[in-house]
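Structure, as structure tokens:
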Amino acid sequence: METGQQFPRFFGVSHEGQNIDIYDYKKGKNLVLFFFPRATTAGCVRETTEFAARMDEFTDRNTEILGLSVDDSELQKTHAIQCAASFPILSDRGGKLIAELGIANERGSAKRTTYIVDAQRNIKRVFTEVKVDGHVDEVLEAVKGLSK
């Protein structure tokens, strides 16, 4: 999926067991959807922890964060606690969404990819081949360019 396209509709189970529809979640707000390969692994913990630590900077810009991976919600719960994540981490168990987005890696999990989606759920920016160091800064800078 590319910039300008509508983000696919997706219903996922959060690490807290809630069913979340991306289209209804925080209506009127922009979303940052970051996909990571495997919960509780070093790079994924660093990325999620950095998004969690900077959450207020995103909410100040009318933007909410969702983390996603193919892990089950129990492992993601452990991951969320480990990272002090105050935002939902959704399970794409079975990899349907990552397949639709074309971001599945050779092991069937997600390539580290981030989407910035506006309040109408149009893709405004896609970050591929993400490196953890400095990534949250890049995403925050891109979010600053979105109108409220």
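Could you grab the pairs with beta carbons closer than 7 Å, sequence gap of 6+ or different chains, first residue in segment 78-97 and without any contact (Cβ under 8 Å) to a residue 40 or more places away in the chain and on the phi < 0 side of the Ramachandran plot, second one surrounded by fewer than 19 Cβ atoms within 10 Å (Cβ to Cβ) and part of a loop (DSSP other than H, G, I, E, B)?
Filtered contacts from segment 78-97: Thr78/Thr40.
Name, by its number, the condition in (1) surrounded by fewer than 24 Cβ atoms within 10 Å (Cβ to Cβ); (2) of a type in the set (S, T, N, Q); (3) closer than 20 Å to Lys111 by Cα; (4) in contact (Cβ under 8 Å) with a residue 12 or more places away in the chain that does not hold for Thr41.
Among (1) surrounded by fewer than 24 Cβ atoms within 10 Å (Cβ to Cβ); (2) of a type in the set (S, T, N, Q); (3) closer than 20 Å to Lys111 by Cα; (4) in contact (Cβ under 8 Å) with a residue 12 or more places away in the chain, Thr41 violates only (4).
Sort through Val132, Val139 and tell me the only one that's closer than 22 Å to Ala39 by Cβ, within 14 Å of the chain's Cα centre (by Cα), β-branched (Val, Ile, Thr) and surrounded by fewer than 19 Cβ atoms within 10 Å (Cβ to Cβ).
Details: Val139 fails: surrounded by fewer than 19 Cβ atoms within 10 Å (Cβ to Cβ).
Just one listed residue meets the conditions, Val132.
Among the candidates Thr49, Thr41, Thr3, single out the residue that is under 20 Å from Gly145 (Cβ atoms) and either β-branched (Val, Ile, Thr) or touching a Phe, Trp or Tyr at 6+ places or on another chain (Cβ under 6 Å) (or both).
Values: Thr49 fails: under 20 Å from Gly145 (Cβ atoms); Thr41 fails: under 20 Å from Gly145 (Cβ atoms).
The match here is Thr3.
Please go through segment 1-22 and pick out each residue that is over 19 Å from Gly108 (Cβ atoms) and surrounded by 15 or more Cβ atoms within 10 Å (Cβ to Cβ). Show your work before the answer.
Filtering segment 1-22 down to residues over 19 Å from Gly108 (Cβ atoms) leaves 2-7, 9, 11, 14-22.
Across segment 1-22, the qualifying residues are Phe7, Ser14, His15, Ile20, Ile22.
Of the numbered conditions (1) surrounded by 17 or more Cβ atoms within 10 Å (Cβ to Cβ); (2) charged (D, E, K, R); (3) touching a residue at least 40 places away in the same chain (Cβ under 8 Å), Asp71 satisfies every one except a single condition; which is it?
(3)
(1) in contact with a helix residue (DSSP H, G or I) (Cβ under 9 Å, 6 or more places away or on another chain); (2) within 20 Å of Phe51 (Cα to Cα); (3) surrounded by fewer than 16 Cβ atoms within 10 Å (Cβ to Cβ): which one isn't true of Lys111, the others all being true?
Status for Lys111: all satisfied but (3).
Return the residues of segment 69-90 that are within 14 Å of Gly17 (Cα to Cα) and within 11 Å of the chain's Cα centre (by Cα); say none if nothing qualifies.
Those that are within 14 Å of Gly17 (Cα to Cα) and within 11 Å of the chain's Cα centre (by Cα): Phe87, Pro88, Ile89, Leu90.
Taken together, the values in this text are just the output of simple stated rules run on the coordinates, not laboratory data. Note that this is a predicted model, so its numbers are computed, not measured. All Cβ positions, glycine included, derive from the backbone under ideal geometry; neighbour counts span all protein chains shown.
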